[in-house]
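Worksheet for the structure shown next.
The values are calculated or read from the model by the stated rules, or taken from the named source; none is laboratory data. Computed from a prediction, not measured in an experiment: that's the story for all the values here. Virtual Cβ from ideal backbone geometry, glycine too; neighbours counted across all protein chains shown.
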Amino acid sequence: MVFKSKAHLKANVQDFSMQFARREFRVVESKPKLWKVVCKNDEATGCNWMLRAGFKAKMELFKITKYVGPHTCLMNEISIDHRNLGKSMIAAHLLGIVRQDPTYDIKYVQQNVKDRFGFDISYHKAWHALKAAREEGYGTWETSVTKLPKYMAAL
């Protein structure tokens, strides 16, 4: 498989990890032109799942160059949270919602994530993701304050 950027590759691997594999991974190597992840349980259970992707200059795309799967570890405990479900991934999912409704509440963020990804997240993680989505959509307080003199001069 090929991806237009490293960020796009990461987002797709995270989505696959949560939606289908329902397993967590850990990054073992991350460089500007290389990304390698293994199963979180590789040392404990001997799971051989692994994915490696690199940047192909001729195509100007990231390509999965090695994949060892599927997972051989058992899902002995089902976690209510997923380690790879980070605030930036949740924020990207919430961006359109926050642009339509800047007053979107944290309890709705938690429910939205539960419905979309099937995992419960903490209030803390929901708050940080919502804050990141609002900052992406509207900017930070600091950037708004720096633009204020320009707006005042225009008035």
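A few points about this structure:
- Single residue of Lys6, Lys40 found to be buried (at least 17 other Cβ atoms within 10 Å of the Cβ), assigned by TED's automatic domain parsing to the domain that holds Lys63 and closer than 14 Å to Gly54 by Cβ: Lys6
- Verdict on Gln14 being in contact with a Leu (Cβ under 8 Å, 6 or more places away or on another chain) and either touching a residue at least 24 places away in the same chain (Cβ under 8 Å) or assigned by TED's automatic domain parsing to the domain that holds Lys114 (or both): yes
- Within the set Arg99, Arg116, Arg134, the sole residue that is within 17 Å of Leu85 (Cβ to Cβ), touching a helix residue (DSSP H, G or I) at 6+ places or on another chain (Cβ under 7 Å) and not polar (S, T, N, Q) turns out to be Arg116.
- Whichever residue in the stretch 89-98 is in contact with an Asp or Glu (Cβ under 9 Å, 6 or more places away or on another chain) and surrounded by fewer than 17 Cβ atoms within 10 Å (Cβ to Cβ) and, among such residues, is modelled with the lowest pLDDT: Ala92
- Among the candidates Arg26, Arg83, the residue that is in a strand (DSSP E or B) and within 20 Å of Phe119 (Cβ to Cβ) is uniquely Arg26.
- Condition met for Leu85 (loosely packed, with under 11 Cβ neighbours inside 10 Å and at pLDDT below 90): no
- Restricting the stretch 47-75 to residues that are part of a strand (DSSP E or B) and β-branched (Val, Ile, Thr) leaves a set whose member that is farthest from Ala11 (Cα to Cα) is Val68.
- Selection over the stretch 68-82 of residues that are of a type in the set (A, V, I, L, M) and either at pLDDT 85 or above or under 16 Å from the mean Cα position of the chain (by Cα) (or both) gives a count of 1.
- Taking the stretch 113-124 as the range and being assigned to a helix (DSSP H, G or I) and buried (at least 19 other Cβ atoms within 10 Å of the Cβ) as the test, only Val113 passes.
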